Amino acid sequence: MILGALPGLAAAVALVLCAEGVEHAATTAVAARSAHPAGGRPATPHTAARPRIVPRSVWLADLAGRRQPPPRYDDEVVAVFVHHTDSPNGYDCADAPRVIRHLYAGQTGGRDWDDIGYNFLVDRCGTIYEGRAGGVDRPVTGAHTQGFNHRTTGIAALGTFTAGVEVPQPMIDAIAALAAWKLGPSDTDPRKDVRLTSSNSGSRYAAGVTAVLPALAGHGDGYMTSCPGAALSARLPEIRRTAARLQGRTG
């Protein structure tokens with residue numbers, strides 16, 4: 001079982017490489033996406049079906065009584081950042097809720113965060129779990145990519161996906177489906193770039209600098225990290241194409 005390989009303090013340490021996303025910044029969104037062509041957004045945006053999402057109550061279990069600060073929101077989601085949790089890969093999918101609970105405990109206990117940083121987590125079988133509180137349908141401000149938490153969603157793949165590690169296809173497909181759905185309301189093409197303004201000089205970009213980043217990016221695009229690992233980073237083009245297809249984009 002995974003928990004023997006990832007005890008409490010080790011869980012917090014394992015998160016350092018990838019989960020450098022927490023910010024105590026103002027809640028006002030400071031990101032701006034690329035302008036649409038003249039005439040504004042199309043009358044019918046490219047949207048995708050909502051995938052099945054397991055509620056956080058399933059993994060929170062006995063930690064549900066912890067006092068939870070109110071969530072923060074942005075106006076919309078215009079980009080997705082993909083992460084890996086830098087935790088062991090050999091878990092049974094039935095154990096995924098316990099793995100997520102361990103990550104949550106490491107972030108809220110060992111690191112004193114207000115909640116788990118990721119908006120969503122995906123296990124090796126392609127099951128999607130709600131992460132950060134606030135409602136999966138809403139643009140919840142996460143704590144996953146320092147400088148770029150506003151108007152973005154953080155999706156974490158459960159495991160470590162460095163060079164040479166196989167990334168399960170169900171996980172890839174689930175990330176694509178989730179990204180397609182979250183980017184649909186803003187009519188954001190997962191294959192394109194967006195403009196995001198950094199809110200924190202601890203990122204790759206000084207606070208106030210507007211960066212051109214992939215709409216479906218890896219953590220390393222916004223922060224100095226190897227996350228989500230070379231193997232998962234190599235699959236991002238496929239994830240972008242699949243997400244675009246799920247939105248009904250053919251061009």
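Note on the range 115-127: residues that are assigned to a loop (DSSP other than H, G, I, E, B) and buried (at least 24 other Cβ atoms within 10 Å of the Cβ) amount to 5. If we scan the range 163-171, do we find a residue that is assigned to a loop (DSSP other than H, G, I, E, B), among the hydrophobic types (A, V, I, L, M, F, W, C) and under 18 Å from the mean Cα position of the chain (by Cα)? Taking every residue of the range 163-171 in turn, at least one turns out to be assigned to a loop (DSSP other than H, G, I, E, B), among the hydrophobic types (A, V, I, L, M, F, W, C) and under 18 Å from the mean Cα position of the chain (by Cα).
Listed residues G154, G208, G159, G251; which is farther than 22 Å from T85 by Cβ and at pLDDT 95 or above? Lay out the reasoning, then the answer.
On the way: G154 fails: farther than 22 Å from T85 by Cβ; G159 fails: farther than 22 Å from T85 by Cβ; G251 fails: at pLDDT 95 or above.
On inspection, the qualifying residue turns out to be G208.
Within the range 72-114, the set of residues being under 30 Å from T197 (Cβ atoms), in a loop (DSSP other than H, G, I, E, B) and modelled with pLDDT of 95 or more comprises R72, D74, D75, E76, V77, V78, T85, D86. Checking S186, S203, S198, S226 one by one, the residue that is in contact with a helix residue (DSSP H, G or I) (Cβ under 7 Å, 6 or more places away or on another chain), within 18 Å of N149 (Cβ to Cβ) and not hydrophobic (A, V, I, L, M, F, W, C) is S203 and no other. Within the range 175-189, if we keep just the residues that are at negative phi and among the charged types (D, E, K, R), the residue that is farthest from the chain's Cα centre (by Cα) turns out to be D189. Applying the criterion of being among the basic types (K, R) and without any contact (Cβ under 8 Å) to a residue 60 or more places away in the chain to the residues of the range 150-204, the residue that is nearest to Y223 (Cα to Cα) is R204.
The values are calculated or read from the model by the stated rules, or taken from the named source; none is laboratory data. These numbers were taken from a predicted model, which means no experiment stands behind them. Virtual Cβ from ideal backbone geometry, glycine too; neighbours counted across all protein chains shown.
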